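Data first, discussion second: the structure below is written as structure tokens.
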Amino acid sequence: MLYLCLRDYCQPIKLYLHYRSAMIQYKLIYFDVRGLGEVSRQLFHLAGCEFEDVKIPRNDEQAWLELKKSTPFGQLPILKILDAESQNEIEIPQSSAIGRYLANQFGYAGKTPEEKAMVDAVIDQFKDFLVSQKRLTLAVRTKKSEEEINRVKEDIVTPAKDTYFKILKKLLENNSSGFLVGNDITWADLQISDNLTTLDGLGIFVPSEEPILAKFHEKIMNTPSLKTYFEQRPASLL
Ligand SMILES: N[C@@H](CCC(=O)N[C@@H](CS)C(=O)NCC(=O)O)C(=O)O
């Protein structure tokens, strides 16, 4: 009886949800690099949700300065969410707020409050590491001498990396699923895997020296709903 009732209600609910999701239009605006916009792009692909992927050319300073004036916090990424029915539009700034919002919408934020807290903790750990990584990417981007780049690596990035990698390896060793938190992929896996791609390019993550992290990275890069996206996206060091 209960089944019959649920069955009668499920179809209209499904149709309504489908109709509502078609009414919601997403636009992600970031620069033409992976950087702080990439996890959100991956979340859309993982969920199979359409979105407009607006990429501002990094070298078009004029275009950016023009846009900057109208952004909520003066930086990118931002996510615009338009309800086509009511014409109501909201804008979310800050990469982690966007990632967390999309992960919650699509079911990749962790299954329980405790998992969600651990997923957030991994994201915070990544953000802590990013402070030191930024000094290296700045040195690379501003074409500092090889000597200067190596000094930044040795003095700042390597000690931070040692702590960060130790934490990640411990999480992976204690979780038989192969993911960082829980039994399924979360946006923390996407964020860390993407960061490993960057660190590989910068010579900080050497897969042959870090088998646990290399296996994890490989697993995420082979996620069926993301594989084609990874193969087709433009190459970008950062
Ligand atoms: N905490 C912010 C940082 C955003 C940020 O640093 N954005 C940079 C690009 S990665 C930016 O907009 N730079 C241009 C500017 O500041 O004018 C976030 O996570 O979204």
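The values are calculated or read from the model by the stated rules, or taken from the named source; none is laboratory data. Model, not experiment: these values are computed from the prediction. When we count neighbours, we look across all protein chains shown, and the Cβ atoms used for this are built from the backbone with ideal geometry, even at glycine.
A few notes on this one:
- Scanning the range 156-200 for residues that are crowded, with 23+ Cβ neighbours inside 10 Å and of a type in the set (D, E, K, R) gives a single hit, 189.
- Matching residues, the range 87-108, being in a strand (DSSP E or B) and of a type in the set (A, V, I, L, M, F, W, C): 90, 92
- Condition check for residue 99: on the phi > 0 side of the Ramachandran plot and surrounded by 16 or more Cβ atoms within 10 Å (Cβ to Cβ): no
- Restricting attention to the range 89-104, the residues that are of a type in the set (Val, Ile, Thr), within 13 Å of the ligand (Cβ to nearest atom) and out of contact with any helix residue (DSSP H, G or I) (no Cβ under 7 Å at 6 or more places or on another chain) add up to 0.
- The single condition among (1) touching a residue at least 40 places away in the same chain (Cβ under 8 Å); (2) more than 13 Å from the ligand (Cβ to nearest atom); (3) under 30 Å from residue 161 (Cβ atoms) that residue 121 does not satisfy is (1).
- Test: residue 40 is closer than 28 Å to residue 142 by Cβ, touching a strand residue (DSSP E or B) at 6+ places or on another chain (Cβ under 6 Å), within 16 Å of the ligand (Cβ to nearest atom) and touching a residue at least 40 places away in the same chain (Cβ under 8 Å): yes
- Near pairs, Cβ below 6 angstrom, 6+ apart or cross-chain, from the range 60-81 (more than 8 Å from the ligand (Cβ to nearest atom)) to any residue that is in a helix (DSSP H, G or I): 79/98
- Boolean, residue 131 is surrounded by fewer than 17 Cβ atoms within 10 Å (Cβ to Cβ), part of a helix (DSSP H, G or I), among the β-branched types (Val, Ile, Thr) and not assigned by TED's automatic domain parsing to the domain that holds residue 22: yes
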